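See below for the structure under consideration.
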Amino acid sequence: MTDYEKVLDLWQKRNISSDAELAEALNGHSIAFAYHSGRIENDNITYNDTREIFEHDGVTSYTGDLRTLFEIRNARDANDLLLTAFDEKRGIDETLVKEFQQCLTKNTYDTRRWQLGERPGAYKLRDYVNVTGKNEIGAAPEDVKEEMDELLAELTEDIPREKLLTAAAYFHAKFENIHPFADGNGRAGRLLMNYYLLLRGHPPIIIHEEDRKIYYEALEAWDERQQLDPLINFLREQAVKTWEKQLRRAEKKKGR
């Protein structure tokens, strides 16, 4: 059994079905996910600030910019939304996708986007450069809804357990390729991918900010050549990295 299979087995044995059980299982990981996911695109985010906001709803001696502070607070609110949606077993539809993105980006749209009519929680009205691809701006604004509807329809299909990570990688790659919003696509896409996995009994995956170069290269492999294997392999490695401490602790306990 590979380490990835061990991680999957360890998670599924917990048989998590409620928001309280999920919150307990994610103790500490929710902060780490918010930190890494936010820092992938904003180097001003720190782990200490993220932990203080998650645990105390505030920071001490903060000297950073307000946008960064809002992004961290938004990540905490988005985590609460994830827990609630999981408890209610909400499917991933257009409404939930927009709710996650709105939650992550409220109070952070810059003046230019706002003046152009862009709003958190609404599909984009214009093209913007996609940070995950060298030359990618995503689907044309007029095509976003149709492409997102097609992608979300695919999520309703029954997926065998052994193909779950492949389906999650496909969803994430397609979501980032469509680039449906004016901002926050990366953070929304990573959170939605984890929500998709959680609903199907798979542990969430932290994409570590120090591995962002490999992450971007895996997304570009899909953008440019429709190759999904690099992203699947990357997510498998990140899953092990995310849960390695818990895995080693379980193995040590079992070996006693």
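Some notes on this structure:
- Residue selected from the stretch 108-128 under the condition within 17 Å of Ile178 (Cα to Cα) and of a type in the set (Asp, Glu), by the criterion surrounded by the fewest Cβ atoms within 10 Å (Cβ to Cβ): Asp127
- Scanning the stretch 201-256 for residues that are β-branched (Val, Ile, Thr) and either in contact with a Leu (Cβ under 7 Å, 6 or more places away or on another chain) or under 17 Å from Phe171 (Cα atoms) (or both) turns up Ile205, Ile206, Ile207, Ile232.
- Comparison of His172, His202, His208 shows that the only residue that is modelled with pLDDT of 95 or more and farther than 22 Å from Phe86 by Cα is His208.
- Those residues of the stretch 89-107 which are out of contact with any Asp or Glu (no Cβ under 6 Å at 6 or more places or on another chain), crowded, with 19+ Cβ neighbours inside 10 Å and either modelled with pLDDT under 95 or not in a loop (DSSP other than H, G, I, E, B) (or both), in sequence order: Val97, Phe100, Gln101, Gln102, Leu104
- Among the candidates Glu251, Glu210, residue that is of a type outside the set (A, V, I, L, M), under 22 Å from Ile40 (Cα atoms) and surrounded by fewer than 20 Cβ atoms within 10 Å (Cβ to Cβ): Glu210
- Among (1) in contact (Cβ under 8 Å) with a residue 40 or more places away in the chain; (2) touching a Leu at 6+ places or on another chain (Cβ under 9 Å); (3) in a helix (DSSP H, G or I); (4) not aliphatic (A, V, I, L, M), the one test that Glu118 misses: (3)
- Residue count for the stretch 32-54, restricted to those that are in contact (Cβ under 8 Å) with a residue 24 or more places away in the chain and of a type in the set (D, E, K, R): 2
- Checking Leu22, Leu81, Leu69, Leu26 one by one, the residue that is farther than 27 Å from Tyr216 by Cα and buried (at least 17 other Cβ atoms within 10 Å of the Cβ) is Leu22 and no other.
- Matching option when the condition is among the charged types (D, E, K, R) and either on the phi > 0 side of the Ramachandran plot or over 16 Å from the mean Cα position of the chain (by Cα) (or both), among Asp93, Asp80, Asp65: Asp65
- Residue check, Thr50 within 19 Å of the chain's Cα centre (by Cα), surrounded by fewer than 18 Cβ atoms within 10 Å (Cβ to Cβ) and of a type outside the set (Asp, Glu): no
- Candidates Leu219, Leu165, Leu197, Leu191 - the one that is aliphatic (A, V, I, L, M), modelled with pLDDT of 95 or more, closer than 30 Å to Gln246 by Cα and touching a Gly at 6+ places or on another chain (Cβ under 9 Å): Leu219
- Qualifying positions in the stretch 219-240 - among the basic types (Lys, Arg) and buried (at least 17 other Cβ atoms within 10 Å of the Cβ): Arg236
The values are calculated or read from the model by the stated rules, or taken from the named source; none is laboratory data. Just so you know, these numbers come straight off a predicted model, no measurement behind them. Cβ coordinates were reconstructed from backbone atoms using ideal geometry, including for glycine residues, and neighbour counts include every protein chain displayed.
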